[in-house]
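Working notes, structure below.
The values are calculated or read from the model by the stated rules, or taken from the named source; none is laboratory data. In this text, all values refer to a predicted model and were calculated from it rather than measured experimentally. Positions of Cβ are backbone-derived with ideal geometry, glycine not excepted, and every protein chain shown enters the neighbour counts.
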Amino acid sequence: MSIPGRPVEVWRLPEEEWRAGRRALTWTVGPDGELAVLVVPERYAAPAGSWPYAALPFDGEVVVHGPQGGWRVPLEGVGVSPDLLALLPGGRVLLAGRRADELPDGWERNGLLFGPAGRPGRELQLGDDVQALITDRDGRIWLSFGDEGTYGDNPIGRYGLAGLDTTGRIVWRPAPGDLPDHPLEGLAAATEGRRTWLAWYGENSHLTGIDPTAGKPVAMRLPTRQPVGFAIAGDRAVFLQPDGELIRCERESRKGWREVRRQRVGVLGELDRGRAYGRDGVLWFRSGNGWYRVEA
C-alpha cells in the first residue's frame, strides 16, 4: 500500500535487460500518463554524464508502460541526438536534440517523428538550445529555450517559449505583455488538462500557463529558483529541487504560491536533474534505475 504524498515506484529497467547490455537513455511521460523510456544497446550509449547521449546512428526501442499495459516501438538507424523524447497521439514518437546548427541551406532539423511501428517520418526544426519539451493531448509540441536559443539567430526560440504543431509550424508564441519578464533559461514543463505550464527564469523565476482556447496566458511566480520538474493540480502544486527535495505548495493568489511543507524524495539512486514531467497533478521523475510518481 502506498503512503499518501510519498513517491511510488512505477517501473525500472529489468535486470535481465541490464545484464544483456541494454541501457536506458532519455525518457518522458505521455499526455495520458504513459511512461516511455528509450533503451539502447550499450555499444551506442555514451558514458554517464557525457553528451551526446548516444553514438549516431543508433538502434534501440522505446519501452512504454501505460495504464492499459505496455508496448515497445523499435527504432533503427536513428540519426538525431536522443536528448529529448515525447509521445504524440496515434502512437507516434518524437525524438529531439537540444541543439541545432545553422547550415548553408538552413537550420539543421533536430527533431524526428516515428510512426507507431517505428518507421521514421517527418523531420522537424525545433529551434536551438531546447531546455524543456512536452506534448499535449491535441498533438502540440511545447518548448522552452536556453539563452543561446532565445538570443541566438534561430527564429523559433527568440521569444523564449513556443508551441508547434507536428509540421513544425509555430501555433503559439507570447504576445507583447504576455510575459512578466524576458525568458533567459527554460526549466521544466507540465500539463494540467488542456493547459500547458512552462517554467523559466529571467530576472526572476516564473510559470506561464497556456491554454490556446482561453486567451491570455496565466503568469505566476515560481516558489523556487530552478526546479527540476513540477506538477500542478488546481490550487496544489509540487516542485522537485535538484537536491531531491519536494516542495509542496498551495495557490496563494492568481500570481503566486505559498509553501506548505518540504520532504525528501526518499528513494535510492542519483536523481535525473535533466528532466521530470508533470501530468495532471502527478510529478514523474527518475532516480537511479527507477522511475517514480508523486501526487501534488
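At-a-glance table
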quantity: Flag if Asp147 is closer than 18 Å to Gly256 by Cα and not hydroxyl-bearing (Ser, Thr, Tyr); calculated: no
quantity: Verdict on Gly149 being of a type in the set (Gly, Ala, Ser) and surrounded by 17 or more Cβ atoms within 10 Å (Cβ to Cβ); calculated: yes
quantity: Output for the range 106-146, where each listed residue is closer than 18 Å to Leu75 by Cα, among the hydrophobic types (A, V, I, L, M, F, W, C) and surrounded by 15 or more Cβ atoms within 10 Å (Cβ to Cβ); calculated: Leu112, Leu113, Phe114, Leu124
quantity: Long-range neighbours under 9 Å by Cβ, at least six apart or interchain, first residue touching a residue at least 60 places away in the same chain (Cβ under 8 Å) within the range 277-290, second outside any strand (DSSP E or B) and basic (Lys, Arg); calculated: Phe285/Arg275; Arg286/Arg275
quantity: Yes/no for Leu179 being part of a loop (DSSP other than H, G, I, E, B) and surrounded by 17 or more Cβ atoms within 10 Å (Cβ to Cβ); calculated: yes
quantity: Positions within the range 116-157 being assigned to a loop (DSSP other than H, G, I, E, B) and among the acidic types (Asp, Glu), in sequence order; calculated: Asp128, Asp129, Asp136, Asp138, Asp153
quantity: Residue match in the range 245-255 (condition: closer than 19 Å to Tyr201 by Cα and modelled with pLDDT under 95); calculated: yes
